[in-house]
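**Q** The structure follows.
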């Protein structure tokens, strides 16, 4: 299956501090769960993949576009939907206003933007609240609105950074349903999370980061199979994940 995004030899950091070291990654249609402890570099990787910050070293291709300049990055962003963990919005905007504005930011043509915004809102089951102001929405609805803003115009690559933080169990189930629908439509989704149960529920591919490096990749069943005897965790997947981190010396 052809890659939607390709990263080769990526180095990234702030000042003299390296956050990502010599990282290679291919992202294909489906849901890639990105696991790792705090400080592993997951958010920095998503920001780099979203072309928010250019890498210090290495190359990025998004949908065949080599992202080597600001002009190329602007072209690539038309193919990327990105939802940061903490995304900004104007509380007085309606759901429709916000998603429509994000369509404009992504460069969705004016004659298609209205339909694209309404389609994205419907996709996350917020049509009945499309005229509600964001300040009136629950945390779960805000997250769904954020996902709508990331998928408006149907970009082939969607990046979600800790999207279920702060959601209650029912809201997390709603989120998983939305991600499954994206997977079923052959969107490439990268889901960064600390919650192994979310990976078990929606991901068909898993990558584990530690200390700025990609230390393991495979399917959820293989991750569960990596568990060592006596490993900590409440599920086979958690025990496999904890075993990998222990093997990398990434546990405090």
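**Q** How big is the gap, in Å, between the Cα center of the range 17-33 and the Cα center of the range 175-227?
**A** The range 17-33 and the range 175-227 have Cα centres separated by 12 Å.
**Q** Normalising by the residue count of the range 86-155, find the relative contact order in percent from Cα pairs under 8 Å and 6+ residues apart.
**A** The value is 45 percent.
**Q** When a footprinting reagent is the concern and you count Cβ atoms within 10 Å, what order do 63, 145 take, fewest first?
**A** Going from least to most buried by this count: 63, 145.
**Q** What ranking, highest mean first, results for peptides 18-28, 220-230 when packing means the other Cβ atoms within 10 Å averaged over each residue?
**A** 18-28, 220-230
**Q** Please rank 182, 167, fewest neighbouring Cβ atoms within 10 Å first, as an exposure proxy.
**A** 167, 182
**Q** Cα axis of helix 110-123 to longest principal axis of the chain: angle in degrees, 0 to 90, nearest 10?
**A** 60
**Q** Report for the chain the percent antiparallel among DSSP-assigned beta bridges with both residues inside it, nearest 5.
**A** About 55 percent, rounded to the nearest 5.
**Q** For the chain, what is the relative contact order in percent, using Cα pairs closer than 8 Å and at least 6 residues apart in sequence?
**A** Relative contact order for the chain comes out at 24 percent.
**Q** So which residue, out of 41, 212, 15, gets the largest mean-square fluctuation from a GNM of the chain using Cα contacts under 10 Å as springs?
**A** Ranking 41, 212, 15 by mean-square fluctuation puts 15 first.
**Q** Let me ask another. As a test of the formula, what do you get for the chain when each DSSP H run with n ≥ 4 contributes -39,500 (n - 2.57) and the sum is divided by the residue count, at 222 nm and rounded to the nearest 500 deg cm²/dmol?
**A** Calculated from helices alone, the mean residue ellipticity at 222 nm is -11500 deg cm²/dmol.
**Q** Let me ask something else. Ranked by Cβ crowding within 10 angstrom, fewest neighbours first, how are 193, 48, 43 ordered?
**A** Taking fewest neighbouring Cβ atoms as first place, the list is 43, 193, 48.
**Q** With Cα extents along the principal axes in Å defined as stated, name the option among (1) 55, 42, 35; (2) 84, 46, 29; (3) 71, 58, 29 computed from the structure displayed.
**A** Read-out from the structure maps to (1).
**Q** How far, in degrees from 0 to 90, does helix 169-184 lean away from the longest principal axis of the Cα atoms of the chain, to the nearest 10?
**A** 90
**Q** Enter the angle in degrees (range 0 to 90, nearest 10) between the Cα long axis of helix 236-247 and the first principal axis of the Cα atoms of the chain, meaning the one along which they spread out most.
**A** On a 0 to 90 degree scale, this one is about 60.
Each value in this text was obtained by applying a stated rule to the coordinates, not by laboratory testing. Nothing here was measured: the structure is a model prediction, and the numbers come from that model. Every residue, glycine as well, gets a Cβ built from its backbone with ideal geometry; the counts of neighbours run over all protein chains shown.
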